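The values are calculated or read from the model by the stated rules, or taken from the named source; none is laboratory data. Quick caveat, the model's predicted, so the values are computed rather than measured. Quick reminder, even Gly has a Cβ in these numbers, built from the backbone with ideal geometry, and neighbours come from all protein chains shown. Protein only, heavy atoms only, side chains kept; ligands, DNA and RNA dropped before computing areas. Shrake-Rupley method; radii C 1.70, N 1.55, O 1.52, S 1.80 Å.
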Amino acid sequence: IHPYHMHGCAFTIISRNGHAPLPNETGLKDTVVVNPQEHVRIKVWFKVPGVFMYHCHIIEHEDGGMMAQIKVIDPANPNKKYHLMNHETLMKAFAEERGVSMDDLWLGGMDSYKKMGETM
C-alpha cells in the first residue's frame, strides 16, 4: 500500500476505483491509502500559490522517487519564482539552529538513509 500524503493543503476523496469513497474517507484529508492496482481521485484546494510537496509516507518509497512537487500559480503573478532549498542545505540549517552537528541531528525517518547505505 501507499499512504499518499500532501503538504500544506487539504483534499477530499472523490472516488476509489470509480466508486464512492468509504464512509471513513469523507471529509478533509491530507493522507489517503492507495492499495495496489487502485485509482484514487482527489480534489485539492490550495489557499495560496507556491510549491507543495506530495509523497508516499513509506520512507523507503519516498527515497526511491515516490515524491514530487506541485507548483500552484497565482494568475495575477504567473512568473513568480520560488527559491527552494535542497535537503542537505535544509538539514544543515536545522543543525545550526539547534547547535548540533549534522551527525547528531535526528528527524523522523533519518535512519532509513543509513539502513539503505545512502547519504543525505
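Take the Cβ atoms of Ile70 and Val34, set R0 to 22 Å, and the FRET efficiency comes out at 0.85. Dipole size of the chain about its Cα centre, with +1 on Lys/Arg Cβ and -1 on Asp/Glu Cβ: approximately 640 debye, rounded to the nearest 20. Accessible area per residue for the chain is 72 Å², calculated with a 1.4 Å probe on protein heavy atoms, without ligands, DNA or RNA. Taking Cα atoms only, the orientation of helix 87-98 departs from the longest principal axis of the chain by about 60 degrees.
When the alpha carbon gyration tensor of the chain is reduced to an equivalent ellipsoid, the three semi-axes, largest first, read 30, 22, 12 Å.
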